[in-house]
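Engineer: Take this structure, written in structure tokens, and hold onto it; I'll ask about it next.
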Amino acid sequence: MAFQSKNIFINLPVKDINKSTNFFKELGFEFNPQFSDETTSCMIIYDNIFALIMVEERFNGFTKKEIADTTTYAEAIFCLSAESREQVDELVSKALSSGGKSYSDPQDHGFMYGWGFQDIDGHIWEIVFMDESALNQG
């Protein structure tokens, strides 16, 4: 039987837990206070998908590796699906006006539309809308 996970927890190091939490709140994300404290905020991405943003000192307790310098290196690209092109534009525009930085220009592939940004800690997020009805034509 193939491995399947009921929950996904992404762990991300941040410089300032309050600034990072407020950044994502401005984008419309909610947080689970049961799994949040002064060093960690549990951001709810979807029903069973979470990002645990934690101060670097706490994050270091989970790994012996150095934390990636996101001004120079990309440790991952976190891609989230959107329900429309407008939602892609809205979320990325909010990120940019809330202190995030542009990562990529909008990309329109007809059936798929996406745009990316860097959060205030330099983590890369791509927001993508895919018109699944266009995929079924052919």
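Engineer: If I filter segment 63-75 for residues that are under 17 Å from the mean Cα position of the chain (by Cα), over 24 Å from TYR103 (Cβ atoms) and surrounded by fewer than 15 Cβ atoms within 10 Å (Cβ to Cβ), do I get at least one hit?
Structural biologist: no
Engineer: Something else now. Being of a type in the set (Phe, Trp, Tyr) and without any contact (Cβ under 8 Å) to a residue 12 or more places away in the chain is the filter here; which residues of segment 31-55 pass it?
Structural biologist: The initial filter retains those residues of segment 31-55 that are of a type in the set (Phe, Trp, Tyr), namely 31, 35, 46, 50.
Within segment 31-55, just TYR46 meets the criteria.
Engineer: Here's another thing I want to ask about it. Assess whether PHE50 counts as being surrounded by 15 or more Cβ atoms within 10 Å (Cβ to Cβ), assigned to a helix (DSSP H, G or I) and not assigned by TED's automatic domain parsing to the domain that holds ASP105.
Structural biologist: Details: surrounded by 15 or more Cβ atoms within 10 Å (Cβ to Cβ): yes; assigned to a helix (DSSP H, G or I): no; not assigned by TED's automatic domain parsing to the domain that holds ASP105: yes.
No.
Engineer: Would you point out which residue out of ILE120, ILE127, ILE67 is free of Cβ contacts under 8 Å to residues at least 60 places away in the same chain, part of a loop (DSSP other than H, G, I, E, B) and among the β-branched types (Val, Ile, Thr)? Please lay out each step first, then the result.
Structural biologist: Numbers: ILE120 fails: free of Cβ contacts under 8 Å to residues at least 60 places away in the same chain; ILE127 fails: part of a loop (DSSP other than H, G, I, E, B).
Step by step, each of ILE120, ILE127, ILE67 is checked, and only ILE67 is free of Cβ contacts under 8 Å to residues at least 60 places away in the same chain, part of a loop (DSSP other than H, G, I, E, B) and among the β-branched types (Val, Ile, Thr).
Engineer: Out of all the residues in segment 97-107, which are more than 21 Å from GLU56 (Cα to Cα), exposed (fewer than 15 other Cβ atoms within 10 Å of the Cβ) and in contact (Cβ under 8 Å) with a residue 12 or more places away in the chain? Explain how you work it out, then say what you get.
Structural biologist: First pass over segment 97-107, keeping only residues more than 21 Å from GLU56 (Cα to Cα): 97-98, 102-107.
From what is left, the residues that are exposed (fewer than 15 other Cβ atoms within 10 Å of the Cβ) are 97, 102, 104-107.
Correct list: SER102, SER104, PRO106.
Engineer: Here's a follow-up. Among the residues of segment 1-26, what is the count of those that are in contact with a Leu (Cβ under 9 Å, 6 or more places away or on another chain), under 15 Å from THR70 (Cβ atoms) and part of a strand (DSSP E or B)?
Structural biologist: Going residue by residue through segment 1-26, those that are in contact with a Leu (Cβ under 9 Å, 6 or more places away or on another chain) are 9-12, 20.
Filter once more, so that each one left must be under 15 Å from THR70 (Cβ atoms): 10-12, 20.
Add one more test, that the residue is part of a strand (DSSP E or B), and what stays is 10-12.
Matching residues across segment 1-26 total 3.
The values are calculated or read from the model by the stated rules, or taken from the named source; none is laboratory data. Please read these numbers as outputs of a predicted model, since none were measured by experiment. Note: ideal-geometry Cβ built from the backbone for every residue, glycine included; neighbour counts use all protein chains shown.
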